Amino acid sequence: MFSFFVGRFAIKKSKEVEAAELTAGLIDNRDEVTIVPKHEPTGDVRKFLGIWMTSGYSLQPQANAYTIEGTPITLYTDAGRSFLTTILTFTSWQHYQWYESSDGKKWSSVSDKKGGDKRNLTVTPTEVGVKYYQLRTAWYMLFGPTIFDPQVWSQVATVHALDSDVDVTDLKVTTDDDYIYNLKNDITTTSTYARADIEPKDFTGTVKWSIDKPEIATIDEDTGLIEANTRSISGEVKVTATAINSSNGGIKEASTTLMVGGGLEDQTVYAGETATFKLMGNIGEFEDQEDLAYSIRWFKEDPIDHEQEEIEVGKNSISHTTPVTTLDDDGTEIFAHIEVKTGGKKYEYDTNKAKLNVLSKDGPEISIDDTLTNKTVSDKNDSATMLFDVIGNDNLVYDTKITNNSSGSRLKNATYYLPIRKGTKVNNVLVDGTDSDYQINTDGKSDDIVEISGLNFGINQSHTIEIDIKIGDVNKRETYRSTGYIHGVDDNDTAYQKFSEARTINLITNKLEYSVNDIDYGSIKPIANEKLIYRQEKTNWPNNILDIDDMRRNKTALKLFLSQEAPLKDDQENELQGHLKYINDDSEADLLNSSAIVSETSGGQEMNSLSWRTDKGVLLEMNNKLNKSGSYHAKLNWTFVDSVQ
């Protein structure tokens, strides 16, 4: 449903921004050349806790790129706005313009036909020599850029066209960050770039990127952009660059490692020691900016009742050191809460919960090895302790092996406790492969707890526990974490407690849930002179027209059709002299006379929420006829159809 009023609107004209000059010394054919850029290059991006504090390029075009005459070469780039600028100009999107120069002084724009309006520019030198390129990235809507629109300028890229190939002799790899977050939220980034340092510098081949654990992070094979998973899977990945000679296809490889996580790492200490938890990743420098403030607060969570308590630390400290630990502290979870306030709004996120492991120097040395398996179905993203796309009635099994590694102390009269989600049915419990007695404590607010008592652990003795369950009803997307633990006494009848690692179930409804937002075209003139009327800003990217949460476990191919049920009319049944059109990059469709495919997925692919740029999607095309004042409405039909592929 949408509505608008007949009225007036205006369009502002844009202004050109004059280029500043910057001189830089570059070497070509052993002669010094003074470059006067089209515009002074923007400084490097500065980050704080993964937040972009300044606008700029996270991937600059190569300062010096080498190829041979007649062979194409691509200049790759990536730019972004600061966190504050993004908030203030969230309805704008990126526009690109490349400039070129033969002498490094006189510049002209690269035509759209040659890719001058693209983020990455491919050029094919027609003769031996050099040419210079610079990119402007600006954020605006339809008309611009103006002096008020944010824009950044790249460094100057010099493309050298040689007369013969140059092969690689040495290769080194680095990454901009050695730790990236796997948490998806409004303000942090979950990506970084890998860089190749190649010898000789005039290498004319290509570099391809790969990564060894795509379930943890992926990498763009051309640009080296590394993106962490957002499913909270942590671990170390190996990033490899392969330099390929153009002359003979020979290769040279080099690698580096990168950590992916939620911001904090587990810590293990002996009782009587302290433990330090420190925020990981590119902390960067915080710059004071008008109307922008941040805070870092630390919390701890009890592993049994999940009660949380704020920890008193220094203001905005990036680390927390515990008091001297005791065995009672084992299993405690620590996390940090980060807030950024700007423009009267608050943006916040929590790090992952890092576990404090406290070991006994003299008592038992208990280790707990856990797995979690979905016997009903297996998901490609499942790990040993994390399951995805679990639905009601699924059959899950918690497997646990508890071992006393001590050579001099026993654990006696122990009970193993496993929290389970409310509504879960326990099918059976096995201890060392035999049916075992157990109790279910239902007093917890959010958990039931399976209790298995009478366990004893002699020197180097182990027990295996298998708890077979059936999931209850699932009415919303949710994540359930369960941390088992064992409690008993040692040979001196001193209480001993040990917690395992958390096991996580990601639950879904097995349905495609969606909600449609109204479309509003605002006020227009009584006669709109056969022009397109654009939607109001609130219905443009990055806001969604259609919010979709695709929780289907079996994601068959899907098509989304859109059509208009009836003409636009007001409450007096006056018909608007105009019609709705669906416009994308390739086609246009009159929605009153036909249906348009507005989104489509292939088998196994999730259907995402739908948003449109200002000049795309459902637009109102007016006729050159008089309209009566009023509020006009029409109904749009959204239809999901399974498609065969």
Legend entry - Every pair of residues 6+ apart whose Cβ atoms lie under 6 Å, when the first sits in the stretch 159-187 and is more than 28 Å from Gly262 (Cα to Cα) and hydrophobic (A, V, I, L, M, F, W, C) while the second is part of a loop (DSSP other than H, G, I, E, B) and open to solvent by 50 Å² or more (accessible area, probe 1.4 Å): Ala161/Glu69; Ala161/Val128; Val166/Asp202
Inset, instruction - Output the residues belonging to the stretch 267-284 that are open to solvent by 40 Å² or more (accessible area, probe 1.4 Å), at pLDDT 90 or above and in a loop (DSSP other than H, G, I, E, B). - result: Gly272, Glu273, Thr274
Inset, instruction - Would you please name the residue that is surrounded by the fewest Cβ atoms within 10 Å (Cβ to Cβ), looking only at residues in the stretch 534-584 that are without any contact (Cβ under 8 Å) to a residue 40 or more places away in the chain and among the charged types (D, E, K, R)? - result: Glu573
Inset, instruction - Being of a type in the set (Gly, Ala, Ser), modelled with pLDDT of 80 or more and not in a strand (DSSP E or B) is the filter; apply it to the stretch 60-99 and report the residue that is surrounded by the most Cβ atoms within 10 Å (Cβ to Cβ). - result: Ala63
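Yes or no, residue by residue, for (1) open to solvent by 20 Å² or more (accessible area, probe 1.4 Å); (2) assigned to a strand (DSSP E or B); (3) out of contact with any Cys (no Cβ under 6 Å at 6 or more places or on another chain):
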position: Val429; (1), (2), (3): no, yes, yes
position: Asp437; (1), (2), (3): yes, no, yes
position: Asp443; (1), (2), (3): yes, no, yes
position: Ile449; (1), (2), (3): yes, yes, yes
position: Ile465; (1), (2), (3): no, yes, yes
position: Lys476; (1), (2), (3): yes, no, yes
position: Gly484; (1), (2), (3): no, yes, yes
Inset, instruction - Would you confirm whether any residue within the stretch 32-52 is open to solvent by 40 Å² or more (accessible area, probe 1.4 Å), touching a Gly at 6+ places or on another chain (Cβ under 7 Å), part of a strand (DSSP E or B) and at pLDDT below 65? - result: yes
Inset, instruction - Count, please, the residues in the stretch 452-462 that happen to be assigned to a strand (DSSP E or B) and either among the small types (Gly, Ala, Ser) or surrounded by 14 or more Cβ atoms within 10 Å (Cβ to Cβ) (or both). - result: 6
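Quick check, is Ala589 under 22 Å from Val516 (Cα atoms) and free of Cβ contacts under 8 Å to residues at least 12 places away in the same chain?
Working: under 22 Å from Val516 (Cα atoms): yes; free of Cβ contacts under 8 Å to residues at least 12 places away in the same chain: yes.
So Ala589 fits the description; yes.
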Inset, instruction - State all residues of the stretch 357-382 that are of a type outside the set (Lys, Arg), surrounded by fewer than 17 Cβ atoms within 10 Å (Cβ to Cβ) and not in a strand (DSSP E or B); if no residue qualifies, say none. - result: Asp362, Thr376, Val377, Ser378, Asp379, Asn381
Inset, instruction - Considering each of Lys361, Lys353 in turn, give the residue that is more than 30 Å from Ile459 (Cβ to Cβ) and basic (Lys, Arg). - result: Lys353
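I need a count of the residues in the stretch 423-441 that are under 22 Å from Lys476 (Cβ atoms) and touching a strand residue (DSSP E or B) at 6+ places or on another chain (Cβ under 6 Å). Talk me through it step by step, then tell me what you get.
Of all residues in the stretch 423-441, those under 22 Å from Lys476 (Cβ atoms) come to 423-425.
Of the ones still in play, those that are also touching a strand residue (DSSP E or B) at 6+ places or on another chain (Cβ under 6 Å) are 424-425.
Residues meeting the conditions: 2.
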Inset, instruction - Return yes when Thr257 is assigned to a loop (DSSP other than H, G, I, E, B) and among the polar types (S, T, N, Q) and no when it is not. - result: no
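Identify, please: which residue in the stretch 573-619 is touching a Pro at 6+ places or on another chain (Cβ under 8 Å) and assigned to a strand (DSSP E or B) and is, among those, modelled with the lowest pLDDT? Spell out how you get there, then give the answer.
Start the filter on the stretch 573-619 by keeping residues that are touching a Pro at 6+ places or on another chain (Cβ under 8 Å), which leaves 575-576, 579, 592, 611.
Now drop any that are not assigned to a strand (DSSP E or B), which leaves 575, 579.
Details: Glu575: 88, His579: 85.
Out of the qualifying residues, it is His579.
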Legend entry - Residue among Thr230, Thr192, Thr242, Thr218 that alone is of a type in the set (S, T, N, Q), open to solvent by 30 Å² or more (accessible area, probe 1.4 Å) and not in a loop (DSSP other than H, G, I, E, B): Thr218
Inset, instruction - Could you look through the stretch 488-530, keep only residues that are more than 30 Å from Leu610 (Cα to Cα) and aromatic (Phe, Trp, Tyr), and pick out the one that is nearest to the chain's Cα centre (by Cα)? - result: Phe499
Legend entry - Pairs where the first residue, in the stretch 479-494, is farther than 30 Å from Ile508 by Cα and the second is open to solvent by 70 Å² or more (accessible area, probe 1.4 Å) and in a strand (DSSP E or B), C-beta under 7 Å, 6+ apart: Gly488/Asn413; Val489/Asn413
Inset, instruction - Would you point out the residue of the stretch 585-607, among those that are surrounded by 14 or more Cβ atoms within 10 Å (Cβ to Cβ) and of a type in the set (S, T, N, Q), that is farthest from the chain's Cα centre (by Cα)? - result: Ser595
Legend entry - Scope the stretch 186-231; condition more than 23 Å from Thr351 (Cα to Cα) and out of contact with any strand residue (DSSP E or B) (no Cβ under 8 Å at 6 or more places or on another chain); matching residues: Pro200
Legend entry - Residue satisfying condition, being in a strand (DSSP E or B) and either modelled with pLDDT of 95 or more or not polar (S, T, N, Q) (or both), within set Lys208, Lys184, Lys201, Lys213: Lys208
Inset, instruction - For the stretch 622-640, enumerate the residues that are open to solvent by less than 50 Å² (accessible area, probe 1.4 Å) and either on the phi < 0 side of the Ramachandran plot or assigned to a strand (DSSP E or B) (or both). - result: Met622, Asn627, Ser631, Tyr632, Ala634, Leu636, Asn637, Trp638
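Please find, within the stretch 493-533, the residue that is modelled with the lowest pLDDT out of those that are in a loop (DSSP other than H, G, I, E, B) and crowded, with 19+ Cβ neighbours inside 10 Å.
Step one: of the stretch 493-533, the residues in a loop (DSSP other than H, G, I, E, B) are 493-494, 508-511, 517-518, 525-531.
Okay, now just the ones that are also crowded, with 19+ Cβ neighbours inside 10 Å, so 508, 528.
Working: Ile508: 96, Ala528: 58.
For the stretch 493-533, the residue satisfying everything is Ala528.
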Inset, instruction - For the stretch 322-356, name all the residues that are in a loop (DSSP other than H, G, I, E, B) and open to solvent by 60 Å² or more (accessible area, probe 1.4 Å). - result: Pro323, Val324, Thr326, Gly344, Lys353
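Go through Asp178, Asp167, Asp163, Asp202 for me and flag whichever is under 20 Å from Asp78 (Cβ atoms) and open to solvent by 30 Å² or more (accessible area, probe 1.4 Å).
Values: Asp167 fails: under 20 Å from Asp78 (Cβ atoms); Asp163 fails: under 20 Å from Asp78 (Cβ atoms); Asp202 fails: under 20 Å from Asp78 (Cβ atoms).
Criteria check complete, one pass: Asp178.
From the list Ser319, Ser255, which one is farther than 19 Å from Asn182 by Cβ and either open to solvent by 60 Å² or more (accessible area, probe 1.4 Å) or at pLDDT 95 or above (or both)?
Ser255
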Legend entry - Failed criterion for Asp302 (all others in (1) out of contact with any Ser or Thr (no Cβ under 9 Å at 6 or more places or on another chain); (2) among the acidic types (Asp, Glu); (3) under 23 Å from Tyr416 (Cα atoms) hold): (1)
Inset, instruction - Output the residues belonging to the stretch 233-257 that are within 30 Å of Lys353 (Cβ to Cβ), touching a residue at least 60 places away in the same chain (Cβ under 8 Å) and touching a Leu at 6+ places or on another chain (Cβ under 7 Å). - result: Val239
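Only one residue in Phe388, Phe457 is among the hydrophobic types (A, V, I, L, M, F, W, C), at pLDDT below 95 and touching a strand residue (DSSP E or B) at 6+ places or on another chain (Cβ under 7 Å). Which one? It would help to see each step written out before you state the result.
Details: Phe457 fails: at pLDDT below 95.
It is Phe388.
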Inset, instruction - With the checklist (1) more than 30 Å from Tyr347 (Cβ to Cβ); (2) surrounded by 14 or more Cβ atoms within 10 Å (Cβ to Cβ) in hand, flag the one item Lys172 doesn't pass. - result: (2)
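The values are calculated or read from the model by the stated rules, or taken from the named source; none is laboratory data. These numbers come from a predicted model, not from an experiment. Because the Cβ atoms are built from the backbone with ideal geometry, glycine has one as well, and the counts that use them run over all protein chains shown. We work out accessible area using only protein heavy atoms, side chains counted, and drop any ligands, DNA or RNA first. Shrake-Rupley method; radii C 1.70, N 1.55, O 1.52, S 1.80 Å.
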